[in-house]
1. Tell me, please, whether a residue that is at pLDDT 95 or above and at positive phi can be found in the stretch 67-89.
2. What strands (runs of 3 or more DSSP E) completely inside the stretch 1-87 contain at least 1 residues that are within 12 Å of the chain's Cα centre (by Cα) and not hydrophobic (A, V, I, L, M, F, W, C)?
3. All but one of (1) hydrophobic (A, V, I, L, M, F, W, C); (2) in contact (Cβ under 8 Å) with a residue 12 or more places away in the chain; (3) under 19 Å from Asn80 (Cα atoms) hold for Val27, so report the exception by its number.
4. (1) out of contact with any Phe, Trp or Tyr (no Cβ under 7 Å at 6 or more places or on another chain); (2) surrounded by fewer than 18 Cβ atoms within 10 Å (Cβ to Cβ): which one isn't true of Glu18, the others all being true?
5. Kindly evaluate Met34 against the criterion of being touching a residue at least 12 places away in the same chain (Cβ under 8 Å), surrounded by 12 or more Cβ atoms within 10 Å (Cβ to Cβ) and touching a Leu at 6+ places or on another chain (Cβ under 8 Å).
Amino acid sequence: MDLESLRKFCLSLPGVTEDIKWGNDLVFSVGDKMFCVASLQPPLQYSFKVRDEEFEELSNSEGFIPAPYMARAKWVLLKNPTRIKKNQSEQYIRQSYEMVKMKLTKKMRAQLGIQ
């Protein structure tokens, strides 16, 4: 997955916004809560939240590391996106989106027009 494909996929999810933080990171959020962060500088690397039970396994898988500054919240950094298929990557990102979305208040989800 390249940066434009990642961007297109993330923005296809309901209620998603994007902005640039920390000078060189493209951040995708739902309700002002991050669910995916991509480096704008090559090579492409991106981080996302995973389920608690997946964190250890993914963190120790080739191409992944615990995400700097975010590992305590069970985020992983995919250092080498060619290590997994595009549909797998999309599955992890969608899962991250869903986990973050479900922590939003009902009022916020209603304002964003999402369930």
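1. Scanning the stretch 67-89 turns up at least one residue that is at pLDDT 95 or above and at positive phi.
2. Values: elements: 16-21, 25-30, 33-39, 46-49, 64-66, 75-78.
Per the criteria, 16-21, 25-30, 33-39, 46-49.
3. (2)
4. Here Glu18 meets the rest and fails (1).
5. Values: touching a residue at least 12 places away in the same chain (Cβ under 8 Å): yes; surrounded by 12 or more Cβ atoms within 10 Å (Cβ to Cβ): yes; touching a Leu at 6+ places or on another chain (Cβ under 8 Å): no.
Taking the combined requirement at face value, the residue does not satisfy it.
The values are calculated or read from the model by the stated rules, or taken from the named source; none is laboratory data. All values reported here derive from a predicted model rather than from experimental measurement. Because the Cβ atoms are built from the backbone with ideal geometry, glycine has one as well, and the counts that use them run over all protein chains shown.
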